[in-house]
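Notes for the one structure printed next.
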Amino acid sequence: MLDKVRVGFVGCGGIAGSHLTGLARMEDVELVAFCDISAEAAERRAAEYGGRAFTDPRAMLDAVQIDALFICLPPFAHGEAEIAAIEHRVPFLVEKPLGLDLDLMREIARRVEEADLLAGAGYMTRYRRSVQRARRILQQDPLIIGYGGWIGRPPDGSIPIHRWWVVKEKSGGQFHEQVTHTVDLVRYLAGEVEEVFAYGARGFNRSARAALPEYDIEDGVVVNMKLAEGAVVTLYAACAAKAGGGGVNLHLFAHEHSILFSGWEYTGRFLVAGEPEIIEIPGEKDIFTLEDRAFLNAVKTSDRALIRSTYADGVRTAAVTLAANQSLATGQPVRVAI
Ligand SMILES: NC(=O)c1ccc[n+]([C@@H]2O[C@H](COP(=O)([O-])OP(=O)(O)OC[C@H]3O[C@@H](n4cnc5c(N)ncnc54)[C@H](O)[C@@H]3O)[C@@H](O)[C@H]2O)c1
């Protein structure tokens with residue numbers, strides 16, 4: 001077993017920072033290399049955490065021995081880093097969503113399997129206690145209906161937002177980029193999504209377009225889903241509610257149980273038929289540390305069962321959100337190609 005895990009990063013932006021805060025406190029982690037197309041971004045992380053800075057993932061993997069790689073790239077930038085990691089046989093964890101090109105993601109998944117490599121997807125919500133309890137409940141008392149999603153303020157300067165986020169061909173839109181977490185949870189808790197039918201609203205987000213002229217994502221989206229096990233779910237995304245009052249949630253209803261998740265931390269409230277007491281499980285604050293600990297323990301012990309979201313599984317979540325995009329583009333229901 002490895003005593004120290006030598007960790008590298010490709011992509012040194014915002015989410016890399018969320019991982020690094022926890023990793024820097026782990027005694028068995030050494031931060032050895034940082035790669036970003038922006039040399040300045042990579043050098044800044046290297047100056048803060050130690051290690052070497054690179055602008056090319058392959059050059060980094062050629063030069064530095066890395067035991068675990070975090071790939072924290074925007075949706076449009078995937079491919080090169082994952083392939084380089086596979087070729088160097090370095091286990092990796094990719095931030096969600098895993099990309100925009102389903103064929104490329106499937107090719108990466110195929111090569112991961114062929115190389116028999118540990119590869120994870122960054123669906124950290126799966127590590128929450130509330131989510132684990134919901135999973136156990138719904139295995140006994142299956143989901144009938146659910147609804148949820150994210151309703152946020154406009155990306156008009158009032159909230160921090162990346163420029164790539166508002167461009168559909170770079171981010172895939174809010175449903176693919178953000179509500180991917182909710183889609184992934186529905187799959188994790190209630191099984192595969194078979195078919196989706198999406199509607200989008202456009203042209204209302206005046207303040208976003210004024211601040212970022214390249215804004216071309218939907219202002220709001222609703223996606224109806226039919227699950228393989230028979231349940232029906234509606235998920236939604238909006239980034240145009242200037243007055244607030246939206247937020248993140250997921251409400252799930254089975255015959256004997258109602259499960260109400262609220263907030264980004266997915267605090268869960270559990271209602272049981274005939275029982276007056278409502279159980280509440282608050283969401284963990286240090287969720288990236290929990291996710292990263294599981295990944296690093298899997299690297300150290302070679303026990304892959306420790307990670308709750310594999311790369312291949314994350315591809316199936318992307319297949320659902322990209323099917324929703326196809327439905328938005330065609331105005332037709334789309335069967336999800338698993
Ligand atoms: N799990 C979560 O809750 C969560 C939260 C935030 C972001 N994310 C995800 O993380 C990903 C990255 O988001 P972010 O907020 O860090 O974005 P960001 O824009 O802050 O950082 C991305 C970094 O990648 C670099 N980059 C771009 N193309 C590159 C390439 N080809 N090679 C190397 N570096 C490249 C950019 O220069 C930038 O420094 C997104 O997919 C996002 O959805 C996940």
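Test ARG106 against the criterion of being touching a helix residue (DSSP H, G or I) at 6+ places or on another chain (Cβ under 8 Å), of a type in the set (Lys, Arg), assigned to a helix (DSSP H, G or I) and closer than 30 Å to HIS257 by Cα, and give yes or no.
no
Across region 260-317, which residue is farthest from ALA190 (Cα to Cα) among those that are free of Cβ contacts under 8 Å to residues at least 60 places away in the same chain and in a helix (DSSP H, G or I)?
That would be ASN297.
Of all residues in region 95-130, how many are touching a residue at least 40 places away in the same chain (Cβ under 8 Å) and more than 14 Å from the ligand (Cβ to nearest atom)?
Summing the residues that are touching a residue at least 40 places away in the same chain (Cβ under 8 Å) and more than 14 Å from the ligand (Cβ to nearest atom) in region 95-130 gives 10.
Check GLY120, GLY22 and return the single one that is closer than 27 Å to THR182 by Cβ and part of a helix (DSSP H, G or I).
After ruling out the rest, the residue left standing is GLY22.
With the structure loaded, tell me whether GLY230 is at pLDDT 95 or above and on the phi > 0 side of the Ramachandran plot or whether it fails that test.
yes
Consider only pairs whose beta carbons are under 8 Å apart and that are at least six residues apart or on different chains; among these, list those whose first residue lies in region 1-20 and is not assigned by TED's automatic domain parsing to the domain that holds SER302 and near the ligand (Cβ under 8 Å from one of its atoms) and whose second residue is at pLDDT 95 or above and among the polar types (S, T, N, Q).
Partner pairs satisfying both residue conditions: none exist.
I'd like to verify a number: residues in region 52-84 that are surrounded by 22 or more Cβ atoms within 10 Å (Cβ to Cβ), outside any loop (DSSP other than H, G, I, E, B), touching a residue at least 40 places away in the same chain (Cβ under 8 Å) and aliphatic (A, V, I, L, M), how many?
6
Are any of the residues in region 34-53 over 30 Å from GLU284 (Cα atoms), within 10 Å of the ligand (Cβ to nearest atom) and hydrophobic (A, V, I, L, M, F, W, C)?
yes
Please work out which one of (1) part of a helix (DSSP H, G or I); (2) surrounded by fewer than 23 Cβ atoms within 10 Å (Cβ to Cβ); (3) in contact (Cβ under 8 Å) with a residue 24 or more places away in the chain is the condition ILE144 fails and give its number.
Among (1) part of a helix (DSSP H, G or I); (2) surrounded by fewer than 23 Cβ atoms within 10 Å (Cβ to Cβ); (3) in contact (Cβ under 8 Å) with a residue 24 or more places away in the chain, the lone unmet condition for ILE144 is (1).
Have a look at VAL131, VAL167, VAL112, VAL90 and point out the one that is at pLDDT 95 or above, outside the structural domain of ALA298 (by TED's automatic domain parsing) and closer than 28 Å to THR289 by Cβ.
Only one candidate qualifies: VAL131.
Would you pick out the residues in region 109-121 that are closer than 12 Å to ALA312 by Cα and either buried (at least 16 other Cβ atoms within 10 Å of the Cβ) or in contact with a helix residue (DSSP H, G or I) (Cβ under 6 Å, 6 or more places away or on another chain) (or both)?
ALA109, ARG111, VAL112, LEU117, LEU118, ALA119, GLY120, ALA121
Which of the residues that make up region 318-335 are assigned to a helix (DSSP H, G or I) and over 13 Å from ARG187 (Cα atoms)?
LEU322, ALA323, ALA324, ASN325, GLN326, SER327, LEU328, ALA329, THR330
The values are calculated or read from the model by the stated rules, or taken from the named source; none is laboratory data. As the structure is a prediction and not an experimental result, all values here were calculated from the model. Counting neighbours? That spans all protein chains shown, and the Cβs are built from the backbone with ideal geometry, glycine included.
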